[in-house]
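The values are calculated or read from the model by the stated rules, or taken from the named source; none is laboratory data. Since we're looking at a predicted model, the values are computed, not measured. Please note: Cβ atoms are built from the backbone with ideal geometry, for glycine as well, and neighbour counts cover all protein chains shown.
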Amino acid sequence: MPSFTIPSIIHATYRTIQLALALTVVGLYGVDLHAANHQHKYSDGKWVFAVVVASLSAPTALVYIISSLLIPAILHVPFLFIWDTILFILWIALFGLFGNLYIHEHPEGNKGIQRMKNAVWVDLVNALLWLVSASGMTVFWFKNRNSRTRWTGRARV
């Protein structure tokens, strides 16, 4: 039965933002990968890494959206916060990689450089969103791990 409570709607909205920003990153970096492929040039590993990180984050956020509204039990899977932490680490590495390349770069009318400067800040926002979700899920898990079962409330877990 769908769970349309205020916390589940807030959680789904938060995860929708993560999904939208991950897809944004796929688009921002995918432009250069597509151009390289169209010109029969090699795909730079940095851009591939960016698309892979975003491609891991998007389905993760989608699963969380679906689970928070339709299958709330998945939110109670132990250690699920570890995957959010891994995604945070990948996003922060991506921000560091491209931030080092583009933050101090002056675009001087070059739209490609300006696009990459914008992508760096989207990477940072993604990293912060995954940090907040990893932290929140960690707190939730540690707070509720020694409580009674969620199903009947009688047994200790």
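Starting from residues that are within 30 Å of residue 12 (Cβ to Cβ) and among the polar types (S, T, N, Q), keep the ones in the range 90-140 and report whichever is modelled with the lowest pLDDT. So, considering only residues that are within 30 Å of residue 12 (Cβ to Cβ) and among the polar types (S, T, N, Q), the one modelled with the lowest pLDDT is 138.
If the condition is being of a type in the set (Phe, Trp, Tyr) and surrounded by 12 or more Cβ atoms within 10 Å (Cβ to Cβ), then the range 36-51 contributes 47, 49.
On the stretch given as the range 1-55, residues that are part of a helix (DSSP H, G or I) and in contact (Cβ under 8 Å) with a residue 24 or more places away in the chain total 27. Would it be correct to say that residue 57 is buried (at least 18 other Cβ atoms within 10 Å of the Cβ) and either more than 12 Å from the chain's Cα centre (by Cα) or modelled with pLDDT under 95 (or both)? Here the answer is no, as residue 57 does not meet what is asked. Taking the stated definitions as given, is residue 103 exposed (fewer than 15 other Cβ atoms within 10 Å of the Cβ) and of a type in the set (Val, Ile, Thr)? Against the criterion (exposed (fewer than 15 other Cβ atoms within 10 Å of the Cβ) and of a type in the set (Val, Ile, Thr)), residue 103 qualifies.
For the range 85-94, state whether one or more residues are farther than 21 Å from residue 26 by Cβ and within 18 Å of the chain's Cα centre (by Cα). Scanning the range 85-94 turns up at least one residue that is farther than 21 Å from residue 26 by Cβ and within 18 Å of the chain's Cα centre (by Cα). Among the residues of the range 106-122, which ones are within 18 Å of residue 26 (Cβ to Cβ) and either β-branched (Val, Ile, Thr) or exposed (fewer than 15 other Cβ atoms within 10 Å of the Cβ) (or both)? Correct list: 112, 118, 120, 121, 122. Selection of the range 33-50 for residues being hydrophobic (A, V, I, L, M, F, W, C) and more than 12 Å from the chain's Cα centre (by Cα) yields 33, 35, 36, 47, 48, 49. The number of residues in the range 4-32 being surrounded by 17 or more Cβ atoms within 10 Å (Cβ to Cβ) and over 20 Å from the mean Cα position of the chain (by Cα) comes to 1.
What's the total number of residues in the range 81-96 that are crowded, with 17+ Cβ neighbours inside 10 Å and among the aliphatic types (A, V, I, L, M)? Going through the range 81-96 one residue at a time, the tally reaches 4.
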